[in-house]
1. Could you list all residues from segment 1-20 that are open to solvent by 70 Å² or more (accessible area, probe 1.4 Å), assigned to a helix (DSSP H, G or I) and not acidic (Asp, Glu)?
2. All but one of (1) without any contact (Cβ under 8 Å) to a residue 12 or more places away in the chain; (2) open to solvent by 70 Å² or more (accessible area, probe 1.4 Å); (3) assigned to a helix (DSSP H, G or I) hold for Gln82; which doesn't?
3. Which of the residues that make up segment 88-100 are within 12 Å of the chain's Cα centre (by Cα) and not small (Gly, Ala, Ser)?
4. Which of the residues spanning segment 34-55 are in a helix (DSSP H, G or I) and open to solvent by 50 Å² or more (accessible area, probe 1.4 Å)?
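The values are calculated or read from the model by the stated rules, or taken from the named source; none is laboratory data. Here the structure is a predicted model, which means the values were calculated and not measured. As a convention, Cβ positions derive from the backbone with ideal geometry for all residues, glycine included, and neighbour counts pool all protein chains shown. Calculation scope for accessible area: heavy atoms of the full protein, side chains included, ligands and nucleic acids excluded. Shrake-Rupley method; radii C 1.70, N 1.55, O 1.52, S 1.80 Å.
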Amino acid sequence: GDRRLSQALTVFHLKLATVRPDDVQRALEPQVDLTREIIEDGARAGAFRTDVEPGRLAMILTQTLVGVGHMNVLGTHVTGLQLDPDDLLAFCLGAVGADPTVPVAASGAASLASRGTVPARKVPRAR
């Protein structure tokens, strides 16, 4: 079913990244650009970090999320733990320098939250 299709697409993506990396870069470019724009908006609003260039942060986040997606689809859980979406959200918010204790809609990820793509909720700060 859907899992087998997802696995096949993931394997294809990894193979494509090996043999045609420029095509993969072009395919991911819109996502990286949108992520960079969100980071730039958040930095201008004072909600996101400014010590790392937004394009670099966007690239790091994209590569992290693609890797997480691949491993999750393939069922590869390095530590044996299943991926928790709230933990991933908290990690990404921390990566851009957002306060993970502030509701997402007010934190600078507002363009996502305003479109209803990210729920406005509190994510506990890691200790």
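1. Pass one, segment 1-20, residues open to solvent by 70 Å² or more (accessible area, probe 1.4 Å): 1-5, 9, 11-12, 14-15, 18-20.
If we keep only those that are assigned to a helix (DSSP H, G or I) too, we end up with 2-5, 9, 11-12, 14-15, 18-19.
Answer for segment 1-20, where residues must be open to solvent by 70 Å² or more (accessible area, probe 1.4 Å), assigned to a helix (DSSP H, G or I) and not acidic (Asp, Glu): Arg3, Arg4, Leu5, Leu9, Val11, Phe12, Leu14, Lys15, Thr18, Val19.
2. The number of the failed condition is (3).
3. First, the residues of segment 88-100 that are within 12 Å of the chain's Cα centre (by Cα): 88-96.
If the condition is that a residue be within 12 Å of the chain's Cα centre (by Cα) and not small (Gly, Ala, Ser), then Leu88, Leu89, Phe91, Cys92, Leu93, Val96 are the ones that fit.
4. Here is the first cut: in segment 34-55, the residues in a helix (DSSP H, G or I) are 34-44, 54-55.
Answer for segment 34-55, where residues must be in a helix (DSSP H, G or I) and open to solvent by 50 Å² or more (accessible area, probe 1.4 Å): Leu34, Arg36, Glu37, Glu40, Asp41, Arg44.
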